[in-house]
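Since the structure comes first, as structure tokens, the remarks are kept for the end.
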Amino acid sequence: MSPTRRGVLAGALALAACDRAPAAAVAGPDLAPLRASAPFPVGVSGMTAQLDDPAWAGLVTRHFGRLTPEWEMKLEAFLPGDDDRLDFSRADRLVAWAEARGLAVFGHTLVWYAQTAPRFEQLDGAGARFERAYADYVTAIARRYRGRVVGWDVVNEPIRDDGEGLRESLWSRNLRPVEHIRLAFDLARAADPDAVLFLNDYNLETSPAKRRAFLRLAETLLAAGAPLGGLGTQTHVDCALPAGAIRAAVADLAALGLPVHVSEIDVSTDRGDPARQPAIYAEAVEAMAALPPAQRFGVTVWGARDGDSWLRRGGEHNPLRPDRPLLFDDAARPKPAASAFAAALP
Ligand code: XIL
């Protein structure tokens, strides 16, 4: 996650108050379900706090066919206390909600530098005991949702922001930089033989160095026989993004022959010309649709309505000029971005 957004990372928060969308906000015509005409899965992130909001639930079940828990399948949610007791309640609720409505679920994320827990901090430097705890955790989570998730971000954001190699973390410090990643993939595969196992990162559209390092890691894992099954590019971008950047990133990732997931797209209006937002979403759709069918893992939008966005919940958020990064406005109305997303579908 980009440093300027790190302020946003503050654990699961209650949803931001939905700003009243200005009257000028687009109130586009009712849009045909995006998932109906897409040649790939159209996903959205969600949190348990949204499940009882009829406007959110209606929008999500109409347009999206896959749900990525935004927080509930992260380590903070599964290990909320100081001990090793796993709390599955939040993830179980989201998965059950999705299943009851025919939505697939994508697991996010088993291993992430940004989240640890007292359970692991207490074992820092403890060698075999740390490794056992790591193995037990990844296995327990992947096993519980076996058959209930279509895939996992096994390791999230492994590459340094400057692209100069792998990020240092509690995991890499105790289990070695590449080895802890390889181990996580092996453990996830052993626990769930069918889930598609992803490596996922951000700024792959805007940092050639980071993209090269990400692809080098993927090639290293594949060469070592790791069960790497897909590559995710988060695509947290803004309206200043140059045309073609998403297309180039998706094509580079696809060159390895694995499924590609545009895994967390949002297009912040905080930078650049907001009028560029529709074309940027359209480019992501076109880039995904241009892949061979077997590599079209899908496009997942990181939130349904602008007011649901994580970008509205951080220190960067300016309530006087709220970010409008998503496809639907605060009142769940389709924006030009949603119309462009739909129009770009083949
Ligand atoms: C964010 C969620 O959107 C927030 O609700 C949560 O508080 C912090 O994490 N890249 C990722 C996601 O892989 O897990 C992050 O999600 C956004 C950046």
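Between residue 84 and residue 219, the FRET efficiency estimated from the beta carbon spacing at R0 = 45 angstrom works out to 0.80.
Using alpha carbons only, the radius of gyration of region 73-113 set against its Kirkwood radius gives Rg/Rh = 1.04.
All other residues whose Cβ lies under 12 angstrom from that of residue 133 are scored, Lys and Arg at +1 and Asp and Glu at -1, for a net of -3. Other residues lying with their Cβ under 15 Å from the Cβ of residue 165 contribute a combined charge of 0, Lys and Arg counting +1, Asp and Glu -1. Between residue 129 and residue 331, what is the label-point separation in nm under the 7 Å Cα-to-beta-carbon projection? In this crude label model, residue 331 to residue 129 measures out at 5.9 nm.
Of the three principal axes defined by the Cα atoms of the chain, the extents in descending order read 60, 40, 36 Å. With R₀ fixed at 30 Å, the C-beta to C-beta distance from residue 146 to residue 318 puts the FRET efficiency at about 0.10. The helix-based estimate of mean residue ellipticity at 222 nm for the chain, built from -39,500 (n - 2.57) per DSSP H run of four or more residues and divided by its residue count, is -10000 deg cm²/dmol to the nearest 500. Each Lys or Arg adds one and each Asp or Glu takes one away; over the other residues whose Cβ falls under 11 Å from the Cβ of residue 190, this sums to +1.
None of the figures in this text is laboratory data; all of them are computed from the coordinates on show. Because the structure is predicted, anything quoted here is derived from the model rather than measured. No Cβ is skipped: glycine too gets one built from the backbone with ideal geometry, and neighbour counts run over all protein chains shown.
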